[in-house]
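Read the structure below first, then the notes.
The values are calculated or read from the model by the stated rules, or taken from the named source; none is laboratory data. Predicted model, so just to flag it, every value in this text is computed and none were measured. Positions of Cβ are generated from backbone atoms using ideal geometry, with glycine treated the same way; all protein chains shown enter the neighbour counts. Protein only, heavy atoms only, side chains kept; ligands, DNA and RNA dropped before computing areas. Shrake-Rupley method; radii C 1.70, N 1.55, O 1.52, S 1.80 Å.
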4 protein chains.
Amino acid sequence: MSNNLLKGKRGIVFGALNEMSIAWKVAERAVEEGAIITLTNTPVACRMGTVTELSKRLNAELIPADATNVDDLEMVFSKSQEALGGKIDFVLHSIGMSPNVRKKRTYDDLDYNLLSSTLDISAISFHKMIQIAKKMDAIAEGGSILALTYVASQRTFYGYNDMADAKSLLESIARSFGYIYGREKGVRINTVSQSPTMTTAGSGIKGFDGLMDFSDKMSPLGNATADECANYCIVMFSDLTRKVTMQNLFHDGGFSSMGMSLRAMNQYNKSFDEFKDENGNLIYG
Amino acid sequence: MSNNLLKGKRGIVFGALNEMSIAWKVAERAVEEGAIITLTNTPVACRMGTVTELSKRLNAELIPADATNVDDLEMVFSKSQEALGGKIDFVLHSIGMSPNVRKKRTYDDLDYNLLSSTLDISAISFHKMIQIAKKMDAIAEGGSILALTYVASQRTFYGYNDMADAKSLLESIARSFGYIYGREKGVRINTVSQSPTMTTAGSGIKGFDGLMDFSDKMSPLGNATADECANYCIVMFSDLTRKVTMQNLFHDGGFSSMGMSLRAMNQYNKSFDEFKDENGNLIYG
Amino acid sequence: MSNNLLKGKRGIVFGALNEMSIAWKVAERAVEEGAIITLTNTPVACRMGTVTELSKRLNAELIPADATNVDDLEMVFSKSQEALGGKIDFVLHSIGMSPNVRKKRTYDDLDYNLLSSTLDISAISFHKMIQIAKKMDAIAEGGSILALTYVASQRTFYGYNDMADAKSLLESIARSFGYIYGREKGVRINTVSQSPTMTTAGSGIKGFDGLMDFSDKMSPLGNATADECANYCIVMFSDLTRKVTMQNLFHDGGFSSMGMSLRAMNQYNKSFDEFKDENGNLIYG
Amino acid sequence: MSNNLLKGKRGIVFGALNEMSIAWKVAERAVEEGAIITLTNTPVACRMGTVTELSKRLNAELIPADATNVDDLEMVFSKSQEALGGKIDFVLHSIGMSPNVRKKRTYDDLDYNLLSSTLDISAISFHKMIQIAKKMDAIAEGGSILALTYVASQRTFYGYNDMADAKSLLESIARSFGYIYGREKGVRINTVSQSPTMTTAGSGIKGFDGLMDFSDKMSPLGNATADECANYCIVMFSDLTRKVTMQNLFHDGGFSSMGMSLRAMNQYNKSFDEFKDENGNLIYG
């Protein structure tokens, strides 16, 4: 079931951790569509083993690297071009982590060193990656760069904490650099704003279960899965989308354009059941 | 508690029906802030009596008129200038009605004649009003024109039906005409996107109670009331906002910028209470 | 150079006029990607001949129909299902016309009967098309419906007149119906917001040359062509984008995310050349 | 010409430098409207003298402080409450600076330590300010916090560099914290997105003259001045806007809703004058 959409293309996938990862699915689908790729993740993540297995299966070199370190990034682009035999056509940035969330620091009690880390890991790494690539002239004319993001950058979600700010910064970087890399090399830079997804990262967010359900019921097509997201990324890497740039593309079953669905409202209204009289009218306080 | 923000200004308020109406509150507050005004509504609405009482109390001429009829609109601007002794400084458009909703036609079974009426009453009336005013040169340099709208123009709300499309059209008219009337006469045109409000109009919408509760719990400041909306309109009519134009201004306690609040999520999660095991875990299926 | 993205799919293309039309390119590309299609346009447009040639070349039945007429639309869906042997997988709406623009009525001097026509032809036809299709259950589960639009729906462009309002209405309809058709049949509805394109329709807009140049210089990737737009439409019809719905998708070389580019600014600044002194400083007044 | 809009209110104004500063105007207008305030800026800025003069004239204590330093911020809120005799009702954040811009580092050659400074000074200082204030419970119920921003956070402007990313982060912080401070204390947090303004900060931006002209010609009401911006800030500090929160409010004469104006297009088209033949047609190539 391949359409050969990426035939002859070379790509780098940042952030595949395990088979729940969107990046993992993107790597699989990219190869299926004819691309040759390299994989990269932190040294710790690489040692955890599952990525090694993916690397072997896809015949994709695995390059341990810290995406916040410019030397490491230079090495990634250098090794990737070597391994793949030419300039890079597409890059996926699927990296995000908030030490403040991990340490259970609430948004009104942030540790500012940890905030710097959140921004550095989840957003500035994207700038570093692109700046290094551009300096090395490592991206082929008309190449495509994507980062994964979440609608929390536009609308506040309880518990998403400083990751919301990091995602806003990430999307801004996509626009700012999209302008420059576009005008100079025809390289397009976009973000895909994906439904909440039950990945290892996603499952760490407070109250994620309820949010997944609400999001699913709000979205006319339901939440988009990691597999579906991978398909969308393939499309954005292909030559069929060469004039799309500086965009934040919602891949979310319609969630972002919903205010209230019948399904979500019905579910919400059930919460009042015990407060209703025999005629179904709400008994207020 | 007046700040004399509209001292010496002349205004027209379209759409005051009864004391629940936002337009009613705006009329009261405008006079309180030093303005002299006229009131207008459909002949039927005018005959219902309460507006007459307001008209007397505020010493504001009541002009029955059909806002979809250009001759009537011309008459409104003509009589208003006469009654108020000069050009008009501010206009409020608080008009909206969907015959499709009234006839319980769902969005996938619209009657197209009724759709035309929805658009004509709720949106095109705004264009007619402005076009007539501009042709008559009835608005003073630096004047301010406002229409009330709802976030359903940007995000879909179950049951809001073709009113969502009408509100989108209304907001577009504000931009399109804001450009022209701005460059030529310094007249600003904006829309205020208000929280769901328990007016006579609002209460006709399907499942409005649940939506009001959800909206209130989602909004960090709670739903904005009609009184608070009137204050915001006064501000937008005053000389302190003379460079704000072509904007859709959310007056909604923060709702429009929310994805999910803790309060709404907690309420939502209660709906699952009966499906939880003794450890609080959701029992699926 | 086909990727078989639409293999086995059935589609209807509204609005192909001549080889400059985006709809024309979409028709060609759809067939190239493995789809079978029907073509439809107004009886007048069909008689003009070039579409007949396309129809023959693509082996696509040409169905003359007025897209504002529900009986005609029913006939289109009926004949198309017959001709193609099953339910429809994708539909392109590429229809827009403003009689006010044609009659040179400016936005502050609109004829309201003509405004009704603008909205009916350019926006409500989209609702009619979808409502009819849904009532006939003519769209296959997971089908994709697209309409072409322009950024003037969000930002005001001099001379675009009541087409801006029509496009806002069109995009709202895509959201409103996207919710309903999505939740019930998994059908997605989106709009593609395309660069200004030198089609027969586009070339009728006042000052279009200058705007094309400005738009091109503002967009880091330059204006998107009709051919490129066709590629993007194909992608949105394919199964790789099944969770994208209720979106307005910019296909514009980045224009929509630009405030000011160096190229456009340099061009703009040239306009002051004759007002500069020997040191290059602007001489005001 | 006071409306007593801030009678009895206590405020802190961050960032007044000289009489061109928006913060300077806000300070003057706030006092005029009945508020008592303190002023704060960096020790260096305070030593430059003009702020001292303002401080005396307005009878407003001047508190030198580094807005990136949490201890300094704590001191500002502590001293301000002491000086003003109670909790703070409003705060203006008018702080922004990019060391990368100063050092002429282009966006594809950023120094990452300098980027950290840009973000820390221009955006994270806003979070620090609010977090400190909330921990000290220094803001009165229903208080209003504003930061100044620019449309470059949504659309890319040539030369605005990493300040665009900083402004995106700033606006995200306003939303994220607006949710929390709103639900807990009814405090509203917004950003005002102002026209390009010929302040000391503004005038440092590359090609600012041309941009000012373009922006002015694009905006139907022309660029908004610093004085007008101050009026808008007063309104947002007053009790008349208590349900507006988490918003980015454009105060820009309509610029943000414009795609192309006649005036800007005419000016742009003049740049081609020397390339036109005797009939006014453009000679390409």
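Given D:Thr52, D:Thr68, D:Thr40, which one is touching a strand residue (DSSP E or B) at 6+ places or on another chain (Cβ under 8 Å), hydroxyl-bearing (Ser, Thr, Tyr) and surrounded by fewer than 24 Cβ atoms within 10 Å (Cβ to Cβ)?
Going through D:Thr52, D:Thr68, D:Thr40 in turn, just one is touching a strand residue (DSSP E or B) at 6+ places or on another chain (Cβ under 8 Å), hydroxyl-bearing (Ser, Thr, Tyr) and surrounded by fewer than 24 Cβ atoms within 10 Å (Cβ to Cβ): D:Thr52.
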Of all residues in segment D:258-270 being facing chain B (nearest Cβ under 9 Å) and surrounded by 22 or more Cβ atoms within 10 Å (Cβ to Cβ), the one that is farthest from B:Lys185 (Cα to Cα): D:Met258
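Rundown of residues vs (1) under 26 Å from B:Ser125 (Cβ atoms); (2) of a type in the set (Phe, Trp, Tyr), yes/no style:
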{"position": "C:Gln81", "(1), (2)": "no, no"}
{"position": "C:Phe90", "(1), (2)": "no, yes"}
{"position": "C:His93", "(1), (2)": "no, no"}
{"position": "C:Ser98", "(1), (2)": "yes, no"}
{"position": "C:Ser125", "(1), (2)": "yes, no"}
Which listed residue is under 15 Å from the mean Cα position of the chain (by Cα) and open to solvent by 10 Å² or more (accessible area, probe 1.4 Å), from A:Leu148, A:Leu119, A:Leu114: A:Leu148
Of all residues making up segment A:235-273, the number that are over 30 Å from C:Gly222 (Cβ atoms) and among the polar types (S, T, N, Q): 5
Filtered residues of segment A:180-198 (kept if open to solvent by 10 Å² or more (accessible area, probe 1.4 Å) and either within 19 Å of C:Gly259 (Cα to Cα) or facing another protein chain (nearest Cβ under 7 Å) (or both)): A:Ile180, A:Arg183, A:Glu184, A:Gly186
Every residue from segment D:112-165 that is within 15 Å of D:Gly182 (Cβ to Cβ) and in contact with a Gly (Cβ under 6 Å, 6 or more places away or on another chain): D:Glu141, D:Gly142
Selection within segment A:237-248 - more than 7 Å from chain C (Cβ to nearest Cβ) and either surrounded by fewer than 24 Cβ atoms within 10 Å (Cβ to Cβ) or farther than 22 Å from A:Thr225 by Cα (or both): A:Asp239, A:Asn248
Matching residues, segment D:158-170, being within 9 Å of chain A (Cβ to nearest Cβ) and either open to solvent by 10 Å² or more (accessible area, probe 1.4 Å) or farther than 26 Å from D:Gly11 by Cβ (or both): D:Tyr158, D:Tyr160, D:Asn161, D:Asp162, D:Ala164, D:Asp165, D:Lys167, D:Ser168
Hey, B:Lys217 of a type in the set (D, E, K, R), within 23 Å of D:Tyr181 (Cα to Cα) and at pLDDT 95 or above or not: yes
Conditions (1) without any contact (Cβ under 8 Å) to a residue 12 or more places away in the chain; (2) crowded, with 16+ Cβ neighbours inside 10 Å: number failed by D:Ala27: (1)
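Quick grid of which residues meet (1) over 15 Å from C:Gly15 (Cβ atoms); (2) touching a Leu at 6+ places or on another chain (Cβ under 7 Å):
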| position | (1), (2) |
| --- | --- |
| C:Val31 | yes, yes |
| C:Thr38 | no, yes |
| C:Val44 | no, no |
| C:Ala65 | no, yes |
| C:Thr68 | no, no |
| C:Asp72 | no, no |
| C:Val76 | no, no |
| C:Lys79 | yes, no |
| C:Leu84 | yes, no |
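A quick yes/no check of all residues on (1) within 27 Å of B:Ser219 (Cα to Cα); (2) away from every other protein chain (no Cβ under 12 Å):
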site	(1), (2)
A:Gly96	no, yes
A:Asp108	yes, no
A:Asn113	no, no
A:Ser117	no, no
A:Ile132	no, no
A:Ala147	no, yes
A:Arg155	yes, no
Inter-residue pairs, beta-carbon under 7 Å, first farther than 29 Å from C:His127 by Cα and in segment B:140-163, second of a type in the set (D, E, K, R) and surrounded by fewer than 24 Cβ atoms within 10 Å (Cβ to Cβ), 6+ apart: B:Ala140/B:Lys87; B:Glu141/B:Lys185; B:Gly142/B:Arg242
Total residues in segment D:214-254, condition out of contact with any Cys (no Cβ under 8 Å at 6 or more places or on another chain) and not in a loop (DSSP other than H, G, I, E, B): 23
Hey, B:Ala140 more than 14 Å from every other protein chain (Cβ to nearest Cβ) and open to solvent by less than 40 Å² (accessible area, probe 1.4 Å) or not: yes
Conditions (1) closer than 24 Å to B:Ser238 by Cβ; (2) hydrophobic (A, V, I, L, M, F, W, C); (3) open to solvent by 50 Å² or more (accessible area, probe 1.4 Å); (4) in contact with a strand residue (DSSP E or B) (Cβ under 9 Å, 6 or more places away or on another chain); number of the one not met by B:Met75: (1)
Filter result (surrounded by fewer than 24 Cβ atoms within 10 Å (Cβ to Cβ), over 26 Å from D:Asn100 (Cβ atoms) and facing chain B (nearest Cβ under 10 Å)) within segment D:206-226: D:Lys217, D:Gly222, D:Thr225
Set D:Phe90, D:Phe126: member being open to solvent by less than 10 Å² (accessible area, probe 1.4 Å), in contact with a His (Cβ under 6 Å, 6 or more places away or on another chain) and either polar (S, T, N, Q) or more than 10 Å from every other protein chain (Cβ to nearest Cβ) (or both): D:Phe126
